[in-house]
1. Select from region 345-366 the residues that are within 14 Å of the ligand (Cβ to nearest atom) and open to solvent by less than 20 Å² (accessible area, probe 1.4 Å) and write down the one among them that is farthest from THR247 (Cα to Cα).
2. From the set of residues in region 386-406 that are in contact with a Phe, Trp or Tyr (Cβ under 7 Å, 6 or more places away or on another chain) and outside any strand (DSSP E or B), which is surrounded by the fewest Cβ atoms within 10 Å (Cβ to Cβ)?
3. Restricting to region 244-287, what's the tally of residues that are open to solvent by less than 10 Å² (accessible area, probe 1.4 Å) and of a type in the set (A, V, I, L, M, F, W, C)?
4. Working carefully through the options ASP105, ASP171, ASP74, find the one that is surrounded by fewer than 22 Cβ atoms within 10 Å (Cβ to Cβ), touching a Ser or Thr at 6+ places or on another chain (Cβ under 6 Å) and without any contact (Cβ under 8 Å) to a residue 60 or more places away in the chain.
5. Out of region 318-344, which residues are closer than 17 Å to GLY271 by Cα and more than 12 Å from the ligand (Cβ to nearest atom)?
6. Restricting to region 376-427, name every residue that is in contact with a Ser or Thr (Cβ under 8 Å, 6 or more places away or on another chain) and among the aliphatic types (A, V, I, L, M).
7. GLY248 - would you say it is free of Cβ contacts under 8 Å to residues at least 40 places away in the same chain and either farther than 24 Å from ARG391 by Cβ or away from the ligand (no atom under 16 Å from the Cβ) (or both)?
8. Looking at (1) open to solvent by 30 Å² or more (accessible area, probe 1.4 Å); (2) within 14 Å of the ligand (Cβ to nearest atom), which is the only condition GLY447 fails?
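The values are calculated or read from the model by the stated rules, or taken from the named source; none is laboratory data. Since the model is a prediction, treat every value here as computed from it, not as a measurement. Don't worry about glycine lacking a Cβ; one is built from the backbone with ideal geometry, like all the others, and counts go over all protein chains shown. Heads up: the accessible areas ignore ligands, DNA and RNA and are worked out on the full protein's heavy atoms, side chains in. Shrake-Rupley method; radii C 1.70, N 1.55, O 1.52, S 1.80 Å.
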Amino acid sequence: MPRPTAIRKSVSDLRVPPNLDDYGSARAGFSWAGAAQALAGLPGGGLNIAWEAVDRHAAGPHAGRPAFRFLRADGSERELAYAELARLTNRFCNVLRRLGVAKGDRLFVLCGRIPELYVAVLGALKNGTVVSPLFSAFGPEPIRTRMNLGGGKVLVTTESLYRRKVLPVRDGMETLEHVLLVSEDGAPTRVPGTLDLATLLAEASDDCEIEPTGPDDPSLLHFTSGTTGMPKGALHVHGAAVTHYATGLYALDLHPDDVFWCTADPGWVTGTSYGIVAPLLHGVTSIVDEADFDAERWYGILERQGVTVWYTAPTAIRMLMKAGAGLARAHRFPALRFVASVGEPLNPEAVWWGLEALGLPIHDNWWQTETGGIMIANTPSQDIKPGSMGRPLPGVDAFIVRRREDGGVEVVDKPNVEGELALRAGWPSMFRGYLGQEERYRKCFAGELYLTGDVARRDEDGYFWFVGRADDVIKSAGHLIGPFEVESALMENPAVAEAGVIGKPDPTVGEVVKAFVSLRQGYQPSDALRTELLAHARKTLGAAVAPKEIDFVATLPRTRSGKIMRRLLKARELGLPEGDLSTLEGGA
Ligand code: AMP
């Protein structure tokens, strides 16, 4: 029997009254100024994410409640209560002050999901220092590029990551002054040119006055990828906490007693906005799994930890689906109340699978690094149309637009017409710039609209449906990958004349990175060369970014202006129509 097109929801079916019950009245009654009232503000005036997230609770009845429960790969656990987190982040802030690291300086973190990462991020925010968490699966090149673009003065990392990924490129990190190392065996680290973080923390005071910061002061720097050129450093502000609080309330339906699990790594924006900030703002307990994905382990965590709200990603859901329904049925999830997903299109099948395997449908939502927080969502009490990203949250106005020749845009009023997704600028977590790339930032706006680079359509009920990206960036396992960065790494090999990189559709991870390479004169395609190129890319870019497939081609299609036509490479790879070839070099 065909499945219905919608999953009907009603407030009376929900075990816990949702924070957003009536969509229309919630939107009509919402203002960002009103939402900001939920935050306390710094005692002397101003706003600081870490104060709202940690100290506010540490000074109140939630002091003893676990802020984080870290699950180690070996099965052991470590809890950090709000009061303990306040103390440790104070110490970290004092460590930075002792080293002369000031408000506005930039600190990078390159760690797995270990307690030190969370202490460093929040402690740096207390100091007004701008934090950039990097994905620990990056190789040396993406790390060096981002450190230099961001002007990183301090790096917090582990001894093994330092040796493997930082040392090979440390000489090329022009602004780096201090490396704070996390020991992995309990003994102080003794690596030349670095400091032992545990020793510094032990020497620091528990007391610290937060640096006065305001809503417009920079807080976090997240790198994202475009089609061309270097990665873009999207700069966020302390005022973003208002969005994180409001979306935690409406899109994730957080309630004070929740046990929340966001599976994203803080090296990507979801893992910071919703793996660190939003749950702490709500004073709930967050689960952090230090280990990698494993279907049996994940079901065990949901069950044993009594997770009530779960925020995960389509790739993970598809991997759970692959592991089979039997595994899910061997577990019970009586505590689980709400499941949401982000980062890539969520297939309707996956939404229904949630209902069968977990007893709850998966609620897709949409946002991106630049928006800083969830913008469009399926919320607990609203009907779900499987395959749709949901509707704009209170405070968010979304449009479908068409770009005009003159650089402006036209809003498309008719439902079910494809166009670029745009948002009315002005929500608090909107990025405030691409570091050092003013022109690129300016180009994201047309009048009061922010242009997202995604193509979507809106149906007659106001639900938004994702169609695709307007550009060539690749989404693999939820991670945004810039083809240019991959092409540049391949071009380092003397055999390579040119490289074009695309995302090739994959049933599990969405897209895999595939490269097309043409060789210089005197070089011949061979399996040995392919293996050499794959290995080099893995070593320099890291496994998460490196191509999985390489094809040798005689030439790459280029536009008359010399740009590689990745769109055409992709169409040819997939056997799809080649589209408009009027700009192809040498004619169609
Ligand atoms: P990032 O900036 O890495 O978070 O990636 C943001 C991009 O991921 C968006 O611009 C979309 O292309 C994609 N994305 C995020 N959420 C969804 C979703 N629910 N459905 C489809 N694509 C999504």
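1. Start the filter on region 345-366 by keeping residues that are within 14 Å of the ligand (Cβ to nearest atom), which leaves 345-348, 350-351, 362-366.
Narrowing the set further to residues that are open to solvent by less than 20 Å² (accessible area, probe 1.4 Å) leaves 346, 350-351, 362-366.
Numbers: LEU346: 20, ALA350: 23, VAL351: 21, ILE362: 17, HIS363: 14, ASP364: 14, ASN365: 11, TRP366: 12 Å.
Result: ALA350.
2. Going through region 386-406, the residues in contact with a Phe, Trp or Tyr (Cβ under 7 Å, 6 or more places away or on another chain) turn out to be 386-391, 393-396, 398.
Restricting the remaining residues to those that are outside any strand (DSSP E or B) gives 386-389, 393-396.
Details: PRO386: 22, GLY387: 17, SER388: 26, MET389: 27, LEU393: 27, PRO394: 22, GLY395: 22, VAL396: 25.
Among residues in region 386-406 that are in contact with a Phe, Trp or Tyr (Cβ under 7 Å, 6 or more places away or on another chain) and outside any strand (DSSP E or B), the one surrounded by the fewest Cβ atoms within 10 Å (Cβ to Cβ) is GLY387.
3. Looking only at that region, the number is 13.
4. Details: ASP171 fails: touching a Ser or Thr at 6+ places or on another chain (Cβ under 6 Å); ASP74 fails: touching a Ser or Thr at 6+ places or on another chain (Cβ under 6 Å).
When all the criteria are applied, what remains is ASP105.
5. Taking region 318-344 and keeping what is closer than 17 Å to GLY271 by Cα, we get 339-344.
Answer for region 318-344, where residues must be closer than 17 Å to GLY271 by Cα and more than 12 Å from the ligand (Cβ to nearest atom): just VAL339.
6. Answer for region 376-427, where residues must be in contact with a Ser or Thr (Cβ under 8 Å, 6 or more places away or on another chain) and among the aliphatic types (A, V, I, L, M): ALA377, LEU393, LEU421, ALA422, LEU423.
7. Values: free of Cβ contacts under 8 Å to residues at least 40 places away in the same chain: yes; either farther than 24 Å from ARG391 by Cβ or away from the ligand (no atom under 16 Å from the Cβ) (or both): yes.
Against the criterion (free of Cβ contacts under 8 Å to residues at least 40 places away in the same chain and either farther than 24 Å from ARG391 by Cβ or away from the ligand (no atom under 16 Å from the Cβ) (or both)), GLY248 qualifies.
8. All conditions pass for GLY447, except number (2).
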